[in-house]
Amino acid sequence: MAGSPRTLENKTVLITGGGSGVGLECAKLFASEGAKVIITGRTEAKLMTACQDISNDCQYAVCDVTNSKAVNAIFSQTVNILINNAGTILRKTAMETSDAEWASVMDTNVTGVFNASRAFAQQDIDGGAIVNVSSTCGQVGAAGLAAYCASKGAVDQLTRTMALELAPRNITVNAVAPGAINSPMLFSKHDDKAMAETAIERNLDSIPIRAVAEPQEIARAILFLARERHITGTVLSVDGGYTAQ
Ligand SMILES: NC(=O)c1ccc[n+]([C@@H]2O[C@H](COP(=O)([O-])OP(=O)(O)OC[C@H]3O[C@@H](n4cnc5c(N)ncnc54)[C@H](OP(=O)(O)O)[C@@H]3O)[C@@H](O)[C@H]2O)c1
């Protein structure tokens, strides 16, 4: 019905990187709304455990988002909502970043989002939604995260462009831009254990509401964007005021 949000009952929702963190919370939330959830990632054991946690209807597929053939294969079944959540981080300045490291971040964070979004768009369907998990790093710089910032900026631009391309088919394309989240990436790839252990405390001073997000808070923003029909091409900050400064 015009003006009402999309219902999720029996809709198929594909969540990349759905075995942990934000992706896993999304999977639980969408399943609780009656959606059929498919989660993907590269680690089968993690996906199996996550699926048991999510619902009886949950499916998983081992799939590296950088492999377009493997991504295309998942779309042998119709997907109504795509959540591009899989991502990786590199904690290095531009000067320190090797060719291989740059390529790896771009492959996962940009080409991965492109692969799944293109496969979604190539389905013979009208209606639906793509929600990309970007970052504040797509909008403002962060010294020491050169490749990551560049990759999330590219995600924001792909979001806006695909929103325009798919609007005639009533497919919305949006992104969430979280700041620091209490989920695995915040604690990963640090130089040493102490840096990982203090990751939350070190972020608090720069966040106006003085808290990092819980993954459930990001999942609720994603659900909102997945359901609304009149919001497209937007990058929604979910960052406790970080980018308002
Ligand atoms: N945590 C934060 O502070 C924060 C802040 C802003 C934005 N984000 C964004 O939030 C998203 C989720 O991150 P998270 O914090 O929930 O961390 P996470 O648990 O590490 O989530 C990343 C997920 O992506 C999967 N993945 C990584 N590379 C992949 C690949 N090549 N193909 C398929 N799956 C892949 C991982 O599973 P496998 O390793 O098993 O494949 C993992 O399940 C990311 O896009 C991240 O950039 C996080």
Checklist entry - Which condition breaks for L14 when tested against (1) more than 9 Å from the ligand (Cβ to nearest atom); (2) surrounded by fewer than 16 Cβ atoms within 10 Å (Cβ to Cβ)? => result (2)
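Yes or no, residue by residue, for (1) more than 24 Å from M195 (Cβ to Cβ); (2) touching a Leu at 6+ places or on another chain (Cβ under 6 Å); (3) within 9 Å of the ligand (Cβ to nearest atom); (4) part of a helix (DSSP H, G or I):
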position	(1), (2), (3), (4)
I83	yes, no, no, no
G87	no, no, yes, no
E101	no, yes, no, yes
V105	no, yes, no, yes
I125	yes, no, no, no
Checklist outcome for this item: With the first residue restricted to the stretch 33-62 and required to be in contact (Cβ under 8 Å) with a residue 40 or more places away in the chain and of a type in the set (S, T, Y), and the second required to be near the ligand (Cβ under 9 Å from one of its atoms) and in a helix (DSSP H, G or I), Cβ contacts under 7 Å at 6 or more apart or on different chains are Y60/L47
Checklist entry - Restricting the search to the stretch 127-158, which residues are under 18 Å from I207 (Cβ atoms), without any contact (Cβ under 8 Å) to a residue 12 or more places away in the chain and either within 11 Å of the ligand (Cβ to nearest atom) or within 16 Å of the chain's Cα centre (by Cα) (or both)? => result A142
Checklist entry - Tell me, which residue of the stretch 195-223 that is more than 12 Å from the ligand (Cβ to nearest atom) and within 14 Å of the chain's Cα centre (by Cα) is surrounded by the fewest Cβ atoms within 10 Å (Cβ to Cβ)? => result R220
Checklist outcome for this item: Of the residues in the stretch 40-53 that are part of a helix (DSSP H, G or I) and in contact with a helix residue (DSSP H, G or I) (Cβ under 8 Å, 6 or more places away or on another chain), the one that is farthest from V79 (Cα to Cα) is D53
Next on the checklist: Any residue at all in the stretch 74-89 that's closer than 24 Å to M185 by Cα and surrounded by fewer than 14 Cβ atoms within 10 Å (Cβ to Cβ)?
Outcome noted: no
Checklist entry - Would the stretch 184-192 turn up any residue that is among the aliphatic types (A, V, I, L, M), in a helix (DSSP H, G or I), without any contact (Cβ under 8 Å) to a residue 40 or more places away in the chain and more than 12 Å from the ligand (Cβ to nearest atom)? => result no
Checklist outcome for this item: Considering the stretch 159-183, residues that are in a helix (DSSP H, G or I) and crowded, with 21+ Cβ neighbours inside 10 Å, and then whichever is farthest from the ligand (Cβ to nearest atom), we arrive at L166
Item to check | Matching entry among V37, V22 (being away from the ligand (no atom under 12 Å from the Cβ), outside any loop (DSSP other than H, G, I, E, B) and at pLDDT 95 or above) | outcome: V37
Next on the checklist: Which condition from (1) within 14 Å of the chain's Cα centre (by Cα); (2) over 26 Å from A180 (Cα atoms) is the one that Q77 breaks?
Outcome noted: (1)
Next on the checklist: Looking at the stretch 86-113, I want the residues that are at negative phi and have a partner that is in a helix (DSSP H, G or I) and acidic (D, E) with Cβ atoms under 8 Å, at least 6 apart or on another chain. Which pairs are those?
Outcome noted: L90/E101; K92/E101
Checklist entry - If you go through the stretch 107-121 one residue at a time, how many are more than 15 Å from S134 (Cβ to Cβ), buried (at least 17 other Cβ atoms within 10 Å of the Cβ) and more than 10 Å from the ligand (Cβ to nearest atom)? => result 3
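The values are calculated or read from the model by the stated rules, or taken from the named source; none is laboratory data. A quick note: this is a predicted structure, and the numbers were derived from the prediction, not measured. Note that each Cβ is placed from the backbone with ideal geometry, even for glycine, and that neighbours are counted across all protein chains shown.
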